[in-house]
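For reference, the structure discussed in these notes is given below.
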Amino acid sequence: MRAFPINKKQRSLYILTALLLFILEVLIERYVHDGFIRPYLGDFFVVILLYALLMSVSGLRVVTAAAGTLLFAYAIETAQYLQLISLLGLEENKWARVVIGTSFSWWDLLMYTLGILFVLVVEQLNSKEKNSSF
């Protein structure tokens, strides 16, 4: 996978990806109240969003950024498992509930992992197109 610095076009693509995924996440949160898209695809997309944000501002290698993003997502899910919101007395804080979340799920961990695997596949395909190393 490529190392940075990235050019303006690549940086713009990461920013655009993050922006589009942010809009998608907001739309899912606001208007989708089902048993599949919101609980599963939302988690799949959120790690891609976080990865794209990180790549747009950092000089990290793809694998490093992907691993860091996945570990961050796992840390948030661990905070949910430990009921950090309750431990900190933030049950009434809407932002804390949104950022940290309130309910642990093994399925969330799976979807985060699948999202990052998707990122790695896309990055690998992009690097092959540009004849650069993974």
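Brief remarks follow.
- Of everything listed in (1) aliphatic (A, V, I, L, M); (2) more than 21 Å from residue 41 (Cβ to Cβ); (3) under 19 Å from the mean Cα position of the chain (by Cα), the single unmet condition for residue 70 is (2).
- Residue within the range 90-101 that is in contact (Cβ under 8 Å) with a residue 60 or more places away in the chain and of a type outside the set (A, V, I, L, M, F, W, C) present: no
- The range 103-134, residues that are at pLDDT 85 or above, exposed (fewer than 14 other Cβ atoms within 10 Å of the Cβ) and not in a helix (DSSP H, G or I): 103
- Any hit, the range 78-86, residues being under 30 Å from residue 13 (Cβ atoms) and under 16 Å from the mean Cα position of the chain (by Cα): no
- Note on the range 92-102: among residues that are at pLDDT below 90 and not in a helix (DSSP H, G or I), the one that is farthest from the chain's Cα centre (by Cα) is 102.
- Selection status of residue 42, modelled with pLDDT under 95, surrounded by 17 or more Cβ atoms within 10 Å (Cβ to Cβ) and either aliphatic (A, V, I, L, M) or within 30 Å of residue 129 (Cα to Cα) (or both): yes
- Selection count, the range 1-60, where residues are small (Gly, Ala, Ser), over 23 Å from residue 126 (Cα atoms) and part of a loop (DSSP other than H, G, I, E, B): 1
The values are calculated or read from the model by the stated rules, or taken from the named source; none is laboratory data. From a predicted model like this one, the values you see are computed outputs, not experimental measurements. Cβ sites come from the backbone with ideal geometry, for glycine too, and all protein chains shown count toward neighbours.
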